[in-house]
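See structure below.
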Amino acid sequence: MSGEPPKRPKGEVLPEMAPFFQCLKDKGLPMKDTPSGIQVVDDSKADPDKTREAERACESLVPATPVSAEQHAKAKEFTACMRAHGIDGFPDPDPKTARHDYEGMGLKGTKEGDEALRACAWVR
């Protein structure tokens, strides 16, 4: 073998991702086949706002990827940094994914939010 991923039948996705991609299709996003035959969103034809909306609606279908203790520690450090820079309500990281759900806080585009995000960028 030449180190290439095994070919999958056209339109097939990795089994654990199938519900997520089906949800994106159901939300009307255009799909395309990758060289390995996995279907993904065709970003060249998709509206970015509609893609973000569909991904948010379908994200619960993405299987959790285990995070390392180091990744979780970094996420906690980012939380502490954001709080130290005036974002008191900044959420704790998700215990399974180490992600922060702060999109709805309206940080981006505000002076306080942008300054804190810049100051804490080193943590990520």
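The values are calculated or read from the model by the stated rules, or taken from the named source; none is laboratory data. Please read all numbers here as calculations on a predicted model, not as lab measurements. All Cβ positions, glycine included, derive from the backbone under ideal geometry; neighbour counts span all protein chains shown. Protein only, heavy atoms only, side chains kept; ligands, DNA and RNA dropped before computing areas. Shrake-Rupley method; radii C 1.70, N 1.55, O 1.52, S 1.80 Å.
In table form, for the structure just shown:
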{"read-out": "Residues that are open to solvent by less than 30 Å² (accessible area, probe 1.4 Å) and either modelled with pLDDT of 90 or more or among the polar types (S, T, N, Q) (or both), drawn from segment 92-102", "value": "none"}
{"read-out": "Exclusive hit being within 19 Å of the chain's Cα centre (by Cα) and not aliphatic (A, V, I, L, M), set 111, 96", "value": "96"}
{"read-out": "Segment 33-67, subset part of a loop (DSSP other than H, G, I, E, B) and at pLDDT 85 or above, residue most open to solvent (accessible area, probe 1.4 Å)", "value": "45"}
{"read-out": "Pair list, Cβ under 6 Å, 6 or more apart: segment 101-124 residue more than 14 Å from residue 79 (Cα to Cα), other residue of a type outside the set (Ser, Thr, Tyr)", "value": "112/86"}
{"read-out": "Matching entry among 3, 86 (being at pLDDT 85 or above, outside any helix (DSSP H, G or I) and on the phi > 0 side of the Ramachandran plot)", "value": "86"}
